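Below is one structure, written out as structure tokens; the observations come after it.
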Amino acid sequence: MSGLCNEKLIYGNLINGQWVESASGKVITITSPADGSLVGEIQALSKEEVNEVIRYSKESLSLWSSVPIYEKAGILYKAAELLEERAEEISDILMMEIAKDKKSSVSEVKRTADFLRFTADAGKSLEGIAVSGENFPGGSRNKMSYVKRVPLGTVLAISPFNYPINLSASKIGPALIGGNTVILKPATQGAISALHLVKALQDAGLPGGVLQTVTGKGSEIGDYIVTHGGIDFINFTGSTEVGRHLSQISCMTPLLLELGGKDAALVLEDADLEYAARNIVEGAFSYSGQRCTAVKRIITTDEVADRLVDMLKAGIEKLPVGDPRENVVVTPLIDQKSADFAEFLIQDAIAKGAGLIVGNKREGNLIYPTLLDHVTVDMEIAWKEPFSPILPIIRVENMEEAVEIANRSEYGLQSSVFTKDINKAFRIAEKLEVGTVQINNKTERGPDHFPFLGVKASGMGTQGVKYSIEAMTRPKAITINLTE
Ligand code: NAP
Ligand code: G3H
């Protein structure tokens, strides 16, 4: 194949610098969650082909790690430029492949260009240190350790469907600037968008074999790649279920996990409720709630809830719903299984006594934004990650109970605290068992140079430009011993 796809929309994999079809002849058809139309076909690679990819990756390591950092950075700058030039084309693919609304699709591509540029800058600022032996008891100035960071080897990047460009680049960029070679296994639904990112990196001048792709169903080929002896680091974003499985089978291969969440917004009595309501509606419903950091529950007291509900309802009723090409916010979910699960969560809550304020309407995989009040701890929606546009309100007696319920979740990604009292905000923030607490803002990942991490079932390890570079490099110490 001469490019990443042919005129029949059959996409190849980038293997050792060439876009190639699988010798197995097995392909996976990708149709749009928006209207069922064909987006393209991707390859289902065989185990033998995966072996080849890993072999090329190993062979390219010494070449890539010897490329000066400023040249590596130059390739990332160029890729960022190409992504921006192709933003319209790539966001059109995102809209069809994962039914992401137009505004969020364009923003994902541009954010990724910024991410790559920032990563290139961070790479150029990497410095080593020299540690003198004299600081330790019995040590001597004659002993000095020169410490710099070196690559880990071949990084396996596994990305989820909901940010196929950004959450692929957030692994690839820092891994490459750190001197690693990378194999990307994108989500099957989302793979075509991710392949366009890879094409931009290839066109920017990456040598063959430095970045390669492996498409195919995770359930079929995933375990084989993850447990392959040639993989030196696994950087995974996806569900807690799959993340947990990978951590069980990966044995001694280090891994970084970005997993699910059940982010809570705690709204205090003195909060600016109009602001909180606007902000929470955006946080809960953008891209139909299919974000790890979506606000997935509100925990508040009766007095606040009574006032907040009307404001939330007014905001939710204004949300445009429908086809991702039509300037909307809430779009059809990624597949029928996700829509069925969303429907189950709503019906379970209503059957157990939750108050339906707005929503509970379904057309195919399109779930209308739904607000449930008086949600109690026996309801599934109180604990499960819906990954759909459902927002439950849990009413509590006081903020001590709010913190207790927030922390009772198996997840620990982020939480929000809305209040005008910064002292209260800080005291509550200290008690919340999460990676990040947002004071007076919805839960969200960016800006992308901030540390981003989940605790408990939400993940392991820290992302964010410089943190990701650190995660995918290791210290190498060379100790000099001066003789008298
Ligand atoms: P998923 O089903 O867990 O899939 C994630 C990736 O893992 C996909 O590429 C998938 O490939 C692959 N995979 C599945 N089984 C595998 C196996 N046995 N070995 C290796 N790879 C395997 O998650 P998703 O539905 O795409 O994404 C939604 C989830 O991701 C949500 O829970 C969300 O909260 C979480 N997420 C977390 C963050 C964060 O930063 N914390 C960010 C985004 C999303 P296939 O597509 O081929 O199955
Ligand atoms: O889905 C997980 C993403 O990392 C969330 O990013 O908060 O910018 O939507 P976001």
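The values are calculated or read from the model by the stated rules, or taken from the named source; none is laboratory data. Since we're looking at a predicted model, the values are computed, not measured. All Cβ positions, glycine included, derive from the backbone under ideal geometry; neighbour counts span all protein chains shown.
Before moving on, here are some points about what is shown:
- Residue identified as surrounded by fewer than 20 Cβ atoms within 10 Å (Cβ to Cβ), within 16 Å of ligand 1 (Cβ to nearest atom) and touching a residue at least 24 places away in the same chain (Cβ under 8 Å) among CYS251, CYS292: CYS251
- Verdict on TYR287 being part of a helix (DSSP H, G or I) and farther than 25 Å from TYR163 by Cβ: no
- Residue match in the stretch 121-139 (condition: in a helix (DSSP H, G or I), of a type outside the set (Asp, Glu) and within 16 Å of ligand 1 (Cβ to nearest atom)): no
- The stretch 285-305, residues that are over 18 Å from GLY322 (Cβ atoms) and within 12 Å of ligand 2 (Cβ to nearest atom): ARG291, CYS292, THR293, ALA294, VAL295, LYS296
- When the stretch 318-374 is filtered for residues that are of a type in the set (Lys, Arg) and more than 18 Å from LYS100 (Cβ to Cβ), the ones remaining, listed by number, are LYS318, LYS337, LYS352, LYS361, ARG362.
- Condition met for GLY364 (touching an Asp or Glu at 6+ places or on another chain (Cβ under 6 Å) and surrounded by fewer than 20 Cβ atoms within 10 Å (Cβ to Cβ)): no
- Options LEU195, LEU167: the member that is under 30 Å from SER288 (Cα atoms) and either acidic (Asp, Glu) or more than 16 Å from ligand 2 (Cβ to nearest atom) (or both): LEU195
- Qualifying residue in the stretch 263-274 (condition: over 26 Å from GLY461 (Cα atoms), of a type in the set (A, V, I, L, M), part of a helix (DSSP H, G or I) and away from ligand 2 (no atom under 16 Å from the Cβ)): yes
- Verdict on GLY261 being in contact with a Pro (Cβ under 7 Å, 6 or more places away or on another chain), closer than 30 Å to GLN438 by Cβ and modelled with pLDDT of 95 or more: no
- Verdict on LEU356 being under 28 Å from the mean Cα position of the chain (by Cα) and either crowded, with 21+ Cβ neighbours inside 10 Å or part of a strand (DSSP E or B) (or both): no
- Leading residue by the ranking (nearest to ligand 2 (Cβ to nearest atom)) among those in the stretch 198-222 that are out of contact with any strand residue (DSSP E or B) (no Cβ under 9 Å at 6 or more places or on another chain) and closer than 29 Å to LYS456 by Cα: SER219
- Any hit, the stretch 360-381, residues being in contact (Cβ under 8 Å) with a residue 12 or more places away in the chain, touching a Lys or Arg at 6+ places or on another chain (Cβ under 9 Å) and within 15 Å of ligand 1 (Cβ to nearest atom): no
Residues are listed down the side, and each one gets a yes or a no for (1) modelled with pLDDT under 95; (2) on the phi < 0 side of the Ramachandran plot; (3) surrounded by fewer than 18 Cβ atoms within 10 Å (Cβ to Cβ):
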| site | (1), (2), (3) |
| --- | --- |
| VAL27 | no, yes, yes |
| VAL53 | no, yes, no |
| SER57 | no, yes, no |
| SER65 | yes, yes, yes |
| GLU88 | no, yes, yes |
| SER91 | no, yes, no |
| ILE98 | no, yes, no |
| ASP101 | no, yes, no |
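- Residues in the stretch 144-194 that are in a loop (DSSP other than H, G, I, E, B), more than 10 Å from ligand 1 (Cβ to nearest atom) and of a type in the set (A, V, I, L, M): LEU152, ILE165.
- Candidates VAL147, VAL131: the one that is surrounded by fewer than 23 Cβ atoms within 10 Å (Cβ to Cβ), more than 29 Å from SER288 (Cβ to Cβ), in contact with a Pro (Cβ under 8 Å, 6 or more places away or on another chain) and of a type in the set (A, V, I, L, M, F, W, C) is VAL147.
- Residue match in the stretch 420-428 (condition: more than 16 Å from ligand 2 (Cβ to nearest atom) and within 30 Å of LEU255 (Cβ to Cβ)): no
- Only one of the numbered conditions (1) in contact with a Phe, Trp or Tyr (Cβ under 8 Å, 6 or more places away or on another chain); (2) within 16 Å of ligand 1 (Cβ to nearest atom); (3) in contact (Cβ under 8 Å) with a residue 40 or more places away in the chain is not met by VAL321, and that is (2).
- Candidate set from the stretch 223-248 (those that are closer than 30 Å to ILE381 by Cα and more than 16 Å from ligand 2 (Cβ to nearest atom)); member that is surrounded by the most Cβ atoms within 10 Å (Cβ to Cβ): LEU246
- Flag if SER458 is among the hydroxyl-bearing types (Ser, Thr, Tyr), under 15 Å from PHE118 (Cα atoms) and either more than 11 Å from ligand 2 (Cβ to nearest atom) or at pLDDT 95 or above (or both): no
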